[in-house]
Structure formats: structure tokens, C-alpha cells
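Heads up, the thing below is written out as C-alpha cells.
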């Protein structure tokens with residue numbers, strides 16, 4: 001059974017930034033609010049567009065720098081999308097994996113402490129001779145809301161399928 005994890009609380013993030021020596025400016029807080037309020041993968045421009053609604057004089061450089069700081073503190077996780085673009089999503093403490101909808105960008109997290117995955121990585125170590133030190137797992141597909149009602153995508157996504165552009169709303 002898939003165990004989904006709770007989403008982060010903005011106050012915890014702001015405190016974590018402050019404890020690590022970062023000033024809590026209004027622009028930085030706007031960026032944090034946008035990221036913590038979304039369950040979707042967002043690229044920096046999407047974060048910028050939404051955060052400017054809260055703080056109109058926000059600069060794009062501030063968004064990039066804030067995301068970089070959040071990533072250093074393991075508060076956001078980088079998502080390597082099949083298109084080659086990188087996005088970001090709020091992260092959790094501990095080891096986790098992602099299920100990402102290619103239609104709407106919705107993200108579900110599940111614990112990395114998974115017996116089946118541990119069995120598989122052990123077997124892979126035995127077969128390959130590698131000592132696996134770390135991994136990350138990002139699975140891409142279509143959430144129930146984005147799947148066609150007729151079930152035509154049950155055997156894979158057709159070549160002509162065009163996903164909805166990443167939404168920045170919930």
C-alpha cells in the first residue's frame with residue numbers, strides 16, 4: 001500500500017531559513033508561500049509568476065536564489081522531468097520517492113523505506129557487484145483526474161498525447 005506523506009508547513013520552513021542564517025524578507029517569504037502551497041512540480045518561472053502576485057516587485061534572481069537556498073536546506077527537491085526541464089517541489093525529511101503526473105504536474109510522495117524497493121536494490125547489488133550508496137526514484141504517469149475515461153492510456157501513453165502545460169494552481 002502506498003503511504004503518502006504530509007505536506008510541509010510554511011512556518012517550519014521560515015524558521016528553518018532563519019535558524020540557518022537567512023533573513024526573512026518579504027520576497028523570500030512570498031517564494032516560500034508559493035512552493036509550500038503547491039502539490040505540483042513548478043519551474044522557477046512559475047514560482048516567479050505566482051509569487052509576484054503576492055509581492056509585485058519580486059525579482060527573478062531572488063526566486064532562483066531562494067530556491068537554491070531551499071534546496072541546500074533539503075526543503076525542496078529537484079525533479080528531472082522527461083522533457084529535460086527541471087522543476088522543484090516541496091520536500092520532506094527522510095528518504096522519499098515521487099509519483100508525478102505528466103498531465104497536470106500533481107506530485108505524490110511515498111516513503112523510501114519500502115520493503116519491496118529494499119529487496120530489489122539488494123538483489124541488484126548481488127547481481128551487479130555494485131554497492132548501492134544512494135538512489136532517487138521519480139515515476140511519471142497520469143493521475144486519475146488526467147486519465148481518459150475510456151481507459152485508452154492503460155497500456156502506455158501514445159506518441160500523439162500532449163500533456164497539459166504544468167499548472168501552477170492546485
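Per-structure values
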quantity	calculated
Meets criteria (at pLDDT 85 or above, within 23 Å of residue 35 (Cβ to Cβ), in contact with a strand residue (DSSP E or B) (Cβ under 7 Å, 6 or more places away or on another chain) and surrounded by 11 or more Cβ atoms within 10 Å (Cβ to Cβ)) for residue 92	no
Members of region 119-143 that are exposed (fewer than 10 other Cβ atoms within 10 Å of the Cβ) and modelled with pLDDT under 90	133, 134
Cβ-Cβ under 9 Å pairs, at least 6 apart or on other chains, region 112-138 side at positive phi, far side surrounded by 10 or more Cβ atoms within 10 Å (Cβ to Cβ)	none
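The values are calculated or read from the model by the stated rules, or taken from the named source; none is laboratory data. These numbers were taken from a predicted model, which means no experiment stands behind them. Counting neighbours? That spans all protein chains shown, and the Cβs are built from the backbone with ideal geometry, glycine included.
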